[in-house]
Amino acid sequence: MNKLSNNSISKDQVARYAKHYNEQNKSKVLERAVTKNGILAASEGLRGGADFSPVFSIDLETGAVANQKQSGRCWMFAALNTMRHHLSAEFKLKDFELSQNYTFFWDKFEKSNWFYENIIATADKPTSDRKVAWLLNEPQGDGGQWDMLCAIIDKYGIVPESVYPETYNSNKSNEFNTLLNEKLRKDAVELRELVNAGSSDEQVQSRKEKMLEEVYRMASYSFGEPPTTFDWEYRDDDKNFHREAGLTPKSFFEKFVGWDLTNYVSIINAPTDDKPFNHTYSIEMLGNVVGGRQVKHLNLNMHDFKQAAINQLKAGHSVWFGCDVGQHSEPRKRGLLDLGVYDEEALFDIDLSMSKAERLDYSESLMTHAMVITGVDLVDGEPKKWKVENSWGDKVGTKGYMVMTDEWMSEYCYQVVVDKQFLTEDQRKAQAEEPTQLLPWDPMGALAYKD
């Protein structure tokens with residue numbers, strides 16, 4: 001490793017900087033404005049009008065927004081929202097919700113097994129090894145990916161929210177996560193010791209099974225034990241009563257959603273040198289169900305990325321997407337995702353310009369949040385703004401919906417999920433390739449760890 005040079009900041013430098021600062025008439029005015037109001041308030045832009053009006057040439061009917069509360073389940077809410085949009089239209093249930101708590105329970109349970117298996121597989125490496133340290137830093141969390149929810153649904157199905165409602169711990173997951181991660185790290189000590197002591201696979205797996213039973217108990221106490229069969233009664237928007245008896249979570253999915261989830265694929269836009277376009281990528285150690293569906297991304301240029309989303313919207317289907325929601329946005333009050341919402345560069349007279357690839361390579365940006373695109377405004381066939389359904393309740397934006405400018409999408413959107421029918425033939429062939437495996441900390445896997 002190269003040693004640092006001895007170029008420390010001198011007193012003369014500080015004096016020179018202070019002199020230049022005080023020679024500018026605007027310095028003290030801006031100093032007062034920023035210290036009193038904060039950086040964002042002092043740099044907030046005043047753009048508005050048609051650019052941000054919640055009116056779109058394609059606008060899907062989707063009902064009331066959901067609320068993930070104090071949990072990191074955005075990816076799960078967004079995916080289930082796309083499914084409930086379909087179900088609501090098909091069965092006339094405008095504000096129906098699927099149980100996010102149900103898939104959360106099984107995700108926690110499966111992630112624990114995923115962690116145990118990765119700990120066993122890396123037991124020959126020291127805890128200072130970067131991959132082992134990566135595992136131990138966050139054994140499991142609330143984040144995830146579209147493919148990870150598909151893996152849960154493939155194995156466990158889904159249920160209506162009324163059958164398995166939210167709990168204190170699903171709405172506010174920090175207490176459970178803290179305790180579960182403490183247990184998983186403690187279990188990692190024992191599993192690594194067993195492997196390194198030469199225990200047989202049967203002995204290691206036997207001990208792991210007892211650990212998983214404890215996880216099941218913890219999750220059941222915290223979220224409620226999930227149903228295996230249930231009856232479902234509902235009244236549709238035409239006031240007609242319906243009763244479905246003897247359903248299982250898997251039969252419910254097959255009857256009321258009925259999607260072939262293998263048709264829905266992840267498209268990313270990651271214009272970095274290590275990810276050539278028109279090829280597929282997976283992320284090492286990213287997943288939840290051992291032996292289940294693999295996280296897999298097809299990397300496309302931004303034009304093709306947007307076109308796939310537009311094709312799906314034109315067909316009347318909403319689009320799951322992943323982005324860096326905190327960048328140049330005001331999602332909480334105004335519900336805006338726009339490059340001009342703040343102008344810190346003008347305020348401080350600095351240059352912050354970076355390409356999308358540079359932001360990814362230098363850790364300035366990554367996927368932090370998943371939502372649903374439910375509309376787009378096309379002018380002469382080109383997108384100008386997009387309608388976004390969030391999962392932060394109806395007090396943000398316009399009853400929970402936001403406006404995303406097309407320029408913002410280009411810079412800070414990284415992933416959409418579309419039905420393969422909305423890709424070109426060449427893109428479908430590329431998507432069928434075996435993926436190149438990326439390192440666990442690649443920014444295209446960050447949604448599983450951020451929210």
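A few points about this structure:
- Pairs exceeding 30 Å between alpha-carbon atoms, taken from K239/K395; K69/K429; K69/K92; K131/K306; K108/K306: K69/K429; K131/K306; K108/K306.
- 5 angstrom amide H check on H369, placed H, neighbours 5+ away: C323, V325
- Here the simple spin-label model places points 7 Å from the Cα toward Cβ, and for K155 and E345 these points are separated by 4.6 nm.
- For the pair S27 and E90 in one chain, pulling the backbone fully straight at 0.36 nm per residue adds 16.6 nm over the alpha carbon distance.
- Working note: 222 nm ellipticity from helices only, DSSP H runs with n ≥ 4, each -39,500 (n - 2.57), summed and divided by the residues of the chain, gives -12500 deg cm²/dmol to the nearest 500.
- Note on region 274-320: Rg/Rh from Cα positions, Kirkwood definition for Rh, rounded to two decimals, is 1.07.
- P(r) tail for region 178-296: Cα pairs beyond 26 Å make up 55% of the total.
- Region 233-324: Cα Rg divided by the 2.2 N^0.38 Å rule of thumb: 1.50
- Relative to the Cα centre, the charge distribution of the chain, modelled as +1 at Lys and Arg Cβ and -1 at Asp and Glu Cβ, gives a dipole magnitude of about 1020 debye.
- Cross-link partners of K19 among lysines (Cα-Cα below 24 Å; sequence separation of 8 or more within a chain): K11, K28, K36
- Distance between region 311-330 and region 1-61 - C-alpha centres, whole angstrom: 28 Å
- Quarter the surface of the alpha carbon convex hull of region 348-451 and you get the mean projected area, 10.0 square nanometres.
A short reminder: the numbers here are calculations on the coordinates, not readings from a lab. A quick note: this is a predicted structure, and the numbers were derived from the prediction, not measured. Using ideal geometry, Cβ is built from the backbone for each residue, glycine included, and neighbour counts are taken over all protein chains shown.
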